[in-house]
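**Q** Can you read through this structure? Questions will come right after.
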Amino acid sequence: MSEIRLAAETRTEFGKGAARRARRAGLVPGVVYGHGHAPVHLNLPGHDLMMALKTPNALLVVPIEGKDEYVLPKAVQREAIKRTIEHVDLLLVKRGEKVTVEVPVHTEGELAAGGNLLEHVLQALPVEAEATHLPEAVTVSVEGLEAGASVLAKDIVLPAGVALAVEADAVVLQVIAAQAAPVEDEAAEGAEA
């Protein structure tokens, strides 16, 4: 995964009024914490941050106290209607450090014939990987799976250096038989009348 550089400036004003002024200026208030350091309050460019967060588990590089630091988005607060980013919490990480993140599960292939349905029990798979080598997604083949089949976490092929952070027997995907509506028998209804 590539790193995304964002310009950031240290925040000196706090509270609702300061946050509103920052948002009007196109900035998003945020806080960086981790590794036993005191939290650092930042203003980040809103549009650039929004574009960066379209990538799951984006590794961001922000200047903190004159030094570029790696951070991962931990919590993103969005406005309810417009879905604009209101605030972001960032976790400070170091190169080589292992972190636990949730990676989206994508599927490929067609299920066996018969109108079966694929249920995503886990939309995202918890994995542990080096902070600078996080996978964007994992892909699972469902080619030819029939009703009753399931894909467990241990069945998913992970990239090198990535380990499961969930029980190996956890169900990730399962195939469900299509439920047909009961057909009413007109002859049986006529006999009862």
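**Q** Over every pair of different alpha-carbon atoms in the chain, take the mean of 1/r and invert it; report that Kirkwood radius in Å.
**A** 19.9 Å
**Q** Can you find, among Q174, G144, T84, the residue farthest towards the positive end of the dipole of the chain? Put +1 on the C-beta of Lys and Arg, -1 on that of Asp and Glu.
**A** T84
**Q** Name the shape class, rounded, prolate or oblate, that the alpha-carbon gyration tensor gives for the stretch 54-162, where a ≥ b ≥ c are the square roots of its eigenvalues, rounded holds for a/c under 1.5, and otherwise prolate holds if a/b is larger than b/c and oblate otherwise.
**A** Note, shape of the stretch 54-162 comes out oblate.
**Q** Also, quick follow-up: Could you please state how large a percent of the accessible area of the chain is carbon and sulfur, counting protein chains only and using a 1.4 Å probe?
**A** Details: 5870 of 11540 Å².
It is 51 percent, rounded to a whole number.
**Q** For the stretch 5-61, compute the orientation-averaged projected area of the C-alpha convex hull (one quarter of its surface), in nm².
**A** Mean orientational projected area (the stretch 5-61, Cα hull): 4.3 nm².
**Q** Turning to a different aspect of this structure: Run the reach check for K67 against lysines, Cα to Cα strictly under 20 Å, same-chain hits fewer than 8 apart removed. What comes back?
**A** Cα-Cα hits under 20 Å: K94.
**Q** When we measure straight from the Cα of K16, which lysines land under 23 angstrom away, once same-chain ones fewer than 8 places off are left out?
**A** Leaving aside lysines fewer than 8 places away in the same chain, those within reach of K16 are K74, K82.
**Q** Still on this structure, I have one more. Please give me the summed charge of the neighbours of S150: other residues whose Cβ is under 13 Å from its Cβ, Lys and Arg +1, Asp and Glu -1. Before the final figure, lay out the partial values.
**A** Details: positive: K154; negative: E119, E146, D155, D169.
Net charge around S150: -3.
**Q** Would you work out the relative contact order for the stretch 16-157, in percent, from Cα pairs under 8 angstrom that are 6 or more residues apart?
**A** Worked out over the stretch 16-157, it gives 20 percent.
**Q** Right, here's the next one. Set the Förster radius R0 to 35 Å, insert the Cβ-Cβ distance between D155 and T10 as r into 1/(1 + (r/R0)^6), and round the FRET efficiency to 0.05.
**A** 0.15
**Q** Now a separate question. Might you tell me the accessible area per residue for the chain, computed with a 1.4 Å probe and given in Å²?
**A** That works out to 60 Å² per residue.
**Q** Quick check: the distance between the Cα centres of the stretch 97-160 and the stretch 30-63, to the nearest angstrom?
**A** 27 Å
**Q** Which of the lysines could a cross-linker span from K154 if the Cα-Cα distance has to be under 24 Å and same-chain partners fewer than 8 positions apart are dropped?
**A** Within reach: K98.
The values are calculated or read from the model by the stated rules, or taken from the named source; none is laboratory data. Fair warning: this is a prediction, and the values are worked out from it, not measured in the lab. So basically every Cβ, Gly included, is an ideal-geometry build from the backbone, and we count neighbours across all protein chains shown. Heads up: the accessible areas ignore ligands, DNA and RNA and are worked out on the full protein's heavy atoms, side chains in. Shrake-Rupley method; radii C 1.70, N 1.55, O 1.52, S 1.80 Å.
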